[in-house]
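Visitor: Structure provided below as C-alpha cells; questions to follow.
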C-alpha cells in the first residue's frame, strides 16, 4: 500500500477536498465550500483523510542485524543512506531502471535493527526483486553500491544527485550521508565474504 504523506480534508457528500496547510490538525474541519458544479454544498463537515492506493507487487525483506536502531545518533540516517545506496547498486549491477525498484526501512522488533524492504515499483511486479534471492546478485549489488558512494562527488557528510539523492527521496536529503552508506556497505561486504 502506498500512502500519500500529506493530510487532506474531504467532504463526504460532494468530494470537495483541500490539503492540510499547517495549524492544528484535527479529525474534522468545518468549512463552507462549493461542489463540482460550483453550487454551495449543504455539508460543511470535512473529514481528515490520508490518500493512498494498494497494488500487488514483488517484495524482498532483507534482515540485517548489524543495521541496529537507536544505538547511536546516526542509526536512522545510516539505515536510510544504506537503503538508497543499495537501491542504486541494485539498479546498476542488475541493469534495472532505477524507477522500477523502490525500497523502505522498517524496524524489526525481534532484532532491534532495521530491515530493508525492496519492491518492484510496478503493479503486479516485474520480477526484478526475485533476482535478489541469489547471493551473487546481492554481492554484485553491494559492490556497485560501494562504488557509487566511494566516488568523490560531494562532501562525505552529505550527499548529492550523483550518489544517493533523487527526486523521490527529497524528504530525506538532509539525512543522507555518503560516508555512512560507504562504511556500512563495506562492513556488510566483509561480513558476507567472511561467510564464504
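Please treat every number below as a calculation from the coordinates, not as lab data. All values derive from a computational prediction rather than experimental measurement. Note that we place each Cβ from the backbone using ideal geometry, even for glycine, and neighbour counts take in every protein chain shown.
Visitor: Inside segment 151-165, can you point out the residues that are surrounded by 16 or more Cβ atoms within 10 Å (Cβ to Cβ) and under 20 Å from residue 93 (Cβ atoms)?
Guide: Passing the criteria: 159, 163, 164, 165.
Visitor: From the residues in segment 131-147 that are out of contact with any strand residue (DSSP E or B) (no Cβ under 8 Å at 6 or more places or on another chain) and surrounded by fewer than 16 Cβ atoms within 10 Å (Cβ to Cβ), which one is farthest from residue 60 (Cα to Cα)?
Guide: Here the residue is 143.
Visitor: Suppose the filter is surrounded by 11 or more Cβ atoms within 10 Å (Cβ to Cβ) and either touching a strand residue (DSSP E or B) at 6+ places or on another chain (Cβ under 9 Å) or under 30 Å from residue 183 (Cβ atoms) (or both); does residue 72 pass it?
Guide: For residue 72, the condition - surrounded by 11 or more Cβ atoms within 10 Å (Cβ to Cβ) and either touching a strand residue (DSSP E or B) at 6+ places or on another chain (Cβ under 9 Å) or under 30 Å from residue 183 (Cβ atoms) (or both) - is not met.
Visitor: Of these, 13, 59, which one is within 16 Å of the chain's Cα centre (by Cα), exposed (fewer than 15 other Cβ atoms within 10 Å of the Cβ) and farther than 24 Å from residue 173 by Cα?
Guide: The unique qualifying residue is 59.
Visitor: Can you name every residue in segment 95-106 that is surrounded by 14 or more Cβ atoms within 10 Å (Cβ to Cβ) and more than 15 Å from residue 60 (Cα to Cα)?
Guide: Residues satisfying the conditions are 96, 98.
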